[in-house]
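Notes follow once the structure below has been shown.
Nothing in this text is a laboratory measurement; each read-out follows from the coordinates by a stated rule. Bear in mind the structure is a predicted one, so any value in this text is a computation, not a measurement. Methodologically, a virtual Cβ is constructed for each residue, glycine included, from the backbone with ideal geometry; neighbour enumeration extends over all protein chains shown.
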Amino acid sequence: MSAERAAATVTDFRGRRVTIVEVGPRDGLQNEHAQVATADKIEFVNRLSAARLPVIEVGAFVSPKWVPQMADAAEVFAGITRAPGIRYTALVPNLAGLDRAMAAGVTEIAVFASSTETFSRRNINQSVDASLAGYKEVCDRALAAGVRVRGYLSTAFGCPFEGDVAPERVADVAARLADLGVFEVAVSDTIGIAHPGQVPRVLDAVLARLPASRVALHFHDTRGTALANVLAALPYGIATFDASTGGLGGCPYAPGAAGNLATDDLIYMLDGLGIETGVVLENVSEASAFIASKIDHALPSRYAQAYRASRGT
Ligand code: HMG
Ligand code: MG
């Protein structure tokens, strides 16, 4: 690619807006073996609010038997300071979860389906069809109560149990999820296997069924390709990306799934491209350092590592 062409490509993105969905307190912490104190979760969310992240997934109202780390979701919601203009969301697997979320004052939830049968059974103990039938009830009740619903679609780029997944299969389940009334489908790379050669193939199939405005992308960074995947998706008009501060994360029911794309790294790249996010990177770094001090291992975000090194900490 010539220098002129490279410059034109970058210029194309200037002035665009991207929404970052911060999933660190949920997707990040759900995979931590050591229990993080409720007060520390609350402080983490408050620091993410200070960074002006527009959407923060605070927790999950799933079975505490399945994911013990999320058992205190209601207490976390009760303790956080909700900043105006920020959406605070939660994962919900069933009607019991919806009831708990609504009792905690949650006004936006996410249901989570899978592109593949085996992952669906391992993650929520149901077939894909049964899960969509259950989510229809959740969506109907939530929407009637004025609660917005997002839909995740796991294993969209590959499954830890079934391997390759046909893009048409992904597009089909995405369309069925959208038909339930979710406002957007987060097409998810559960095990961080996607690469920039594959992203266009999946997007071509999904965007044949849904407008780009209803599609978000959720990358894990297991193989170091998450940022490159975002760059590959931007020309398609995708404007919502999930990320977790520090690169915390993984799915407890997806062997080998590593952290999400790090919010710190994503903001650094988007800022460099002239894309507006409204997020304050310095404050993300502070939140990243805070949560790193509450877990028993280093966080993978490269930006966070550089930030710490530059401050001699
Ligand atoms: P089950 O065992 O088939 O269902 O679990 P059950 O109805 O028999 O429930 C088992 C027990 O949990 C019962 O308690 C229920 O009452 C209770 P018991 O009678 O044994 O005392 N229970 C609940 N408690 C609180 N809140 C609830 C709830 N539901 C049931 N909502 C179920 C089925 C769906 C509940 C279970 O499989 C589950 O909770 N799975 C969630 C797993 C999970 O959270 N995975 C990680 C999130 S997904 C993810 O990370 C992917 C994503 O990031 C995108 C990507 O990267 O791909 C979103
Ligand atoms: Mg995930």
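Assorted remarks:
- Residue that is farthest from ligand 2 (Cβ to nearest atom), among those in segment 236-252 that are part of a loop (DSSP other than H, G, I, E, B) and crowded, with 21+ Cβ neighbours inside 10 Å: I238
- Matching helices (runs of 4 or more DSSP H) fully within segment 117-225 where at least 3 residues are within 13 Å of ligand 1 (Cβ to nearest atom), closer than 30 Å to S301 by Cα and not basic (K, R): 117-124
- Under the condition of being of a type in the set (S, T, Y) and within 14 Å of Y152 (Cα to Cα), the residues counted in segment 187-222 number 2.
- Residue, farthest from V55 (Cα to Cα), within segment 296-313, restricted to residues that are more than 20 Å from the chain's Cα centre (by Cα) and assigned to a loop (DSSP other than H, G, I, E, B): G312
- Residue among D204, D179, D164 that is over 24 Å from T19 (Cα atoms), surrounded by fewer than 22 Cβ atoms within 10 Å (Cβ to Cβ) and more than 17 Å from the chain's Cα centre (by Cα): D164
- Put simply, of E276, E282 the only residue that is more than 22 Å from N229 (Cα to Cα) and surrounded by fewer than 17 Cβ atoms within 10 Å (Cβ to Cβ) is E282.
- Taking segment 63-103 as the range and being near ligand 1 (Cβ under 7 Å from one of its atoms) and either surrounded by fewer than 17 Cβ atoms within 10 Å (Cβ to Cβ) or of a type in the set (S, T, Y) (or both) as the test, the residues that pass are S63, P64, K65, W66, A96.
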